[in-house]
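Before any comments, here is the structure.
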Amino acid sequence: MLLFQATLPDFCNRVEGGFLVQALSTGSVIAEVLAADEDSFLKEWVDDARLLKHNTAMAPEPELRLQCANFLASFRKGVQSGVVGKASDPQWDDLRGLLADVSKSRALQGFTAIEIAAFVFSFKKPLYHRLRQAEKDPLVLASQIWETTELLDSFGLYATELWLDTREAIIRRQQEEMLELSTPVIKLWHNILALPLIGTLDSARTQVVMESLLGAIVETNSRVAILDITGVPTVDTVVAQHLLKTVTAARLMGAECIISGIRPQIAQTIVHLGINLLDITTKATLRDAFALALERTGQSIRSEEAPVN
């Protein structure tokens with residue numbers, strides 16, 4: 001039975017014919033392998049990376065080649081000490097920084113998490129091919145492959161985690177932008193604002209509605225704000241509470257709120273739930289609310305008919 005002993009930091013020890021034989025450490029072997037024919041290694045890796053079956057979003061070849069070249073240079077720098085170590089060790093700071101940039105750029109380009117990890121894992125094939133050529137002893141080769149596998153797997157998971165962080169940041173930013181776009185404050189007339197609401201109201205969206213409305217009231221010094229809920233599918237107790245908070249906040253800013261778009265079904269629901277909107281002025285349509293707002297602000301619209309020839 002063969003007894004395998006883990007590699008030491010600088011040497012891998014094995015016994016052959018009763019003699020202790022010292023072999024170069026995994027890091028030293030990798031450094032020599034990469035330095036022997038870097039151009040050939042890079043070409044093989046780039047070709048393999050371009051043919052990955054997961055690559056639905058293909059990076060431009062010049063960009064892919066540059067990323068592979070930078071990865072290779074950082075990896076060589078990491079193994080210069082002769083010790084592979086762990087992905088969290090200081091010797092891999094440059095490679096982790098590179099993976100952060102690559103993961104972020106590829107997340108923005110629409111790459112998937114699998115494709116980000118596959119970019120790192122594709123480094124194994126050309127590396128293992130050269131390690132097998134450089135080391136004929138099966139035990140030492142197994143040790144070298146095991147150490148590099150653990151290291152590259154850690155980098156693959158690290159790159160995937162960075163991709164997830166970037167995608168979550170993108171999604172949060174898009175949600176915020178959608179909330180802002182879905183709550184436009186419109187200046188209908190002098191001293192009159194309108195805020196048409198579409199879709200379901202929740203706590204996060206209500207906060208955006210309130211901030212947008214209060215900001216517009218201060219900016220335009222408006223006296224009346226119309227909240228049109230024609231596009232709100234249902235009004236329950238939670239939605240009603242959100243509307244009451246918005247109306248109260250607007251009143252504190254010196255503006256009167258009118259809620260329009262009260263359809264018969266919504267009116268029945270409000271009555272059935274026992275929601276108290278008696279202190280709030282409501283109208284069935286935006287047109288009626290606008291007419292009331294003109295009256296409250298002492299304004300009117302006069303239509304002039306064209307003269308008949």
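Laboratory data are not the source of any read-out in this text; all were calculated from the coordinates shown. In this text the structure is predicted, and so the values were computed from the model without any measurement. In this analysis, Cβ positions are derived from the backbone assuming ideal geometry, glycine residues included, and neighbour counts consider all displayed protein chains.
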Worksheet entry | Cleavage-rule hits (GluC sites (Glu not before Pro)) in the stretch 228-309: DSSP loop, at most 15 neighbouring Cβ within 10 angstrom | Glu304, Glu305
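For Leu162, Leu273, Leu243, which order do you get if you count the other beta carbons within 10 Å of each Cβ and list the fewest first? All intermediate terms of the calculation are to be shown ahead of the outcome.
Numbers: Leu162 20, Leu273 12, Leu243 23.
Ordered from fewest to most neighbouring Cβ atoms within 10 Å, Leu162, Leu273, Leu243 come out as Leu273, Leu162, Leu243.
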Fill in: Sequence-distant aspartates and glutamates (8 or more away, or on other chains) whose Cα lies within less than 16 Å of Lys136
Glu16, Glu32
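Order of Ser154, Ser40, Ser103, Ser28 from fewest to most other C-beta atoms within 10 Å?
Numbers: Ser154 15, Ser40 11, Ser103 26, Ser28 19.
Least crowded to most crowded, the residues run Ser40, Ser154, Ser28, Ser103.
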Discussion item. With only alpha-carbon pairs counted, each pair once and no self-pairs, how large is the Kirkwood hydrodynamic radius of the stretch 66-150 in angstroms?
Written reply: 14.1
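By counting other Cβ atoms within 10 Å of each Cβ, how are Asp48, Asp93, Asp228 ranked from fewest to most?
Numbers: Asp48 16, Asp93 13, Asp228 22.
Fewest to most other Cβ atoms nearby, the residues stand as Asp93, Asp48, Asp228.
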Response to the item:
A student applying the Cα gyration tensor rule (rounded when a/c is under 1.5; otherwise prolate if a/b is larger than b/c, oblate if not) would label the stretch 226-291 oblate
Practice prompt. With both partners inside the stretch 188-258, how many of the DSSP beta bridges are antiparallel, as a percent to the nearest 5?
Written response: 10
Worksheet, complete the sentence: Across all Cα atoms of the stretch 152-226, Rg and the largest Cα-Cα distance (Dmax), in Å, are 18.9, 65
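Would you mind classifying the stretch 106-209 by shape? Square roots of the alpha carbon gyration tensor eigenvalues, ordered a ≥ b ≥ c; an a/c under 1.5 is rounded, otherwise it is prolate if a/b is larger than b/c and oblate if not. Present the calculation step by step, with values, prior to reporting the outcome.
Values: a/c = 7.63, a/b = 4.99, b/c = 1.53.
In terms of gyration-tensor shape, prolate.
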